[in-house]
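Have a look at the structure below before the remarks.
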Amino acid sequence: MTTTSMKTRLLPGTDITAPNIVLGLMRIGDKTDDEIRALVRTANDHGIDFIDHADIYGGELHRSEQRWAEATQLSPAERDAVTIQTKAGIRHPGPFFDFSYQHLVRSAEASLEALQTDRIDVFLLHRPDALVEPEEVARAFDHLHETGKVRHFGVSNHTPRQIDLLKTAVRQPIVANQVQLSIAHAPSIAQGVDANVAGNEQSLTLDGGGLVDYARLNDITLQAWSPFQKGGWTGTFLGDPDSPELNAVIDRLAAKYDVPPIAVATGWITRHPAWIQVVLGTTTPERVAGAAQGSDLPLSREEWYELFRAAGYRVP
């Protein structure tokens, strides 16, 4: 088996040394303590000490946060060794979005209680609120930061211009933007490869203009959610009979590097020089271990573009 190591770096705008693979805990609401502990232990064994939550994960408000805390029962030293990220802004029933001062503060405080901790390391705005008032967000961030409840702030699913709007009032650095990204769902990368071509859907800007380049220029760490999904919610591309060309390339490279296919899918993202964090959504420890092998997979430039083309993207 090819030996790979977990790549880490100091996240710009923070004092956090973070891995480029994150354990997402969206689906643990109905898992037992033993199942959650096995998942977290596997992640830790492979150098994944950064976890991702949201207030709405788990089937009811703060359920996944609560289940993680109940199952792990971290000591103070163990708490210090993990980076906890969570999100707020999606409201139910509806759904609708809410970046008001009252909701952001209330949600963060409820997350602290559910997580059984005294601080959130990274707090993200979950989905863009069409009624956002940057001054309200800034007031919430200032309160949460000054009271020590949140250390760092970011966004999820935001365009460059939406981030610029927040920056007109928010004083803290926006350190992360979590967006959907996989080999098979990569419009934010594909548009830049084939920009300004009439009649070509790939050339269309869907993210407000250069999301990846904007993140690199502004020291914002991109985080890839659904890293093994096709577009929308149509399922994973790994082993999918409707994606034969892509899987043929993945399987060949997996054999070459002696890693599972999930490591190649992970490595396609981590190979990008933007240093994108891959947010895993699986609850299967074996898949976490397999994905971890993609943290530092040495895909060549030719192999990266071969995967890109096999996913259906045009290289002019």
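The values are calculated or read from the model by the stated rules, or taken from the named source; none is laboratory data. Because the structure is predicted, anything quoted here is derived from the model rather than measured. Every residue, glycine among them, receives a Cβ derived from its backbone with ideal geometry; neighbour counts consider all protein chains shown.
When PRO128, PRO173, PRO134 are screened for being more than 22 Å from the chain's Cα centre (by Cα) and farther than 30 Å from ALA310 by Cα, only PRO134 passes. Annotation: of all residues in segment 87-120 being acidic (Asp, Glu) and farther than 23 Å from VAL179 by Cβ, the one that is surrounded by the most Cβ atoms within 10 Å (Cβ to Cβ) is GLU109. Do you know which of the residues in segment 276-316 that are within 21 Å of SER64 (Cβ to Cβ) and of a type in the set (Ser, Thr, Tyr) is surrounded by the fewest Cβ atoms within 10 Å (Cβ to Cβ)? In this case the residue turns out to be THR284. Quick check: is even one residue across segment 241-251 of a type in the set (Gly, Ala, Ser) and either buried (at least 18 other Cβ atoms within 10 Å of the Cβ) or under 16 Å from the mean Cα position of the chain (by Cα) (or both)? Yes, there is a match, as at least one residue in segment 241-251 is of a type in the set (Gly, Ala, Ser) and either buried (at least 18 other Cβ atoms within 10 Å of the Cβ) or under 16 Å from the mean Cα position of the chain (by Cα) (or both). Considering the conditions (1) farther than 23 Å from LEU23 by Cα; (2) touching a Phe, Trp or Tyr at 6+ places or on another chain (Cβ under 9 Å); (3) of a type in the set (D, E, K, R), LYS230 is excluded by exactly one of them, (1). Among the residues of segment 137-167, the ones that are among the β-branched types (Val, Ile, Thr) and part of a helix (DSSP H, G or I) come to 2 in all.
Just to be sure before I move on: is ASP33 at negative phi and either surrounded by fewer than 17 Cβ atoms within 10 Å (Cβ to Cβ) or in contact with a Gly (Cβ under 7 Å, 6 or more places away or on another chain) (or both) in the structure I sent? Judged against the criteria, ASP33 is a match.
Please work out if VAL170 is assigned to a loop (DSSP other than H, G, I, E, B) and of a type in the set (Val, Ile, Thr). For VAL170, the condition - assigned to a loop (DSSP other than H, G, I, E, B) and of a type in the set (Val, Ile, Thr) - is met. Taking segment 36-136 as the region of interest, the helices (runs of 4 or more DSSP H) fully inside it that hold 2 or more residues being farther than 21 Å from GLY281 by Cβ and not acidic (Asp, Glu) are 76-80, 101-115.
Residue-wise test of (1) at pLDDT 95 or above; (2) closer than 30 Å to LYS167 by Cα; (3) out of contact with any strand residue (DSSP E or B) (no Cβ under 6 Å at 6 or more places or on another chain).
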| residue | (1), (2), (3) |
| --- | --- |
| PHE228 | yes, no, no |
| LEU253 | yes, no, yes |
| PRO260 | yes, no, yes |
| ILE276 | yes, yes, no |
| PRO285 | yes, no, yes |
| GLN293 | yes, no, yes |
| GLU302 | yes, no, yes |
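Annotation: GLY281 fulfils all but one of (1) free of Cβ contacts under 8 Å to residues at least 12 places away in the same chain; (2) under 15 Å from the mean Cα position of the chain (by Cα); the unmet one is (1). Filtered by the rule that a residue be more than 19 Å from LYS230 (Cβ to Cβ) and of a type in the set (Gly, Ala, Ser), segment 187-217 gives GLY192, ALA195, ALA198, GLY199, SER203, GLY208, GLY209, GLY210, ALA215.
Sort out which residues of segment 197-239 are of a type in the set (A, V, I, L, M, F, W, C), free of Cβ contacts under 8 Å to residues at least 60 places away in the same chain and either surrounded by fewer than 20 Cβ atoms within 10 Å (Cβ to Cβ) or within 22 Å of PHE153 (Cα to Cα) (or both), and write them in order of number.
Answer for segment 197-239, where residues must be of a type in the set (A, V, I, L, M, F, W, C), free of Cβ contacts under 8 Å to residues at least 60 places away in the same chain and either surrounded by fewer than 20 Cβ atoms within 10 Å (Cβ to Cβ) or within 22 Å of PHE153 (Cα to Cα) (or both): ALA198, LEU204, LEU206, LEU211, ALA215, LEU217, LEU222, ALA224, TRP233.
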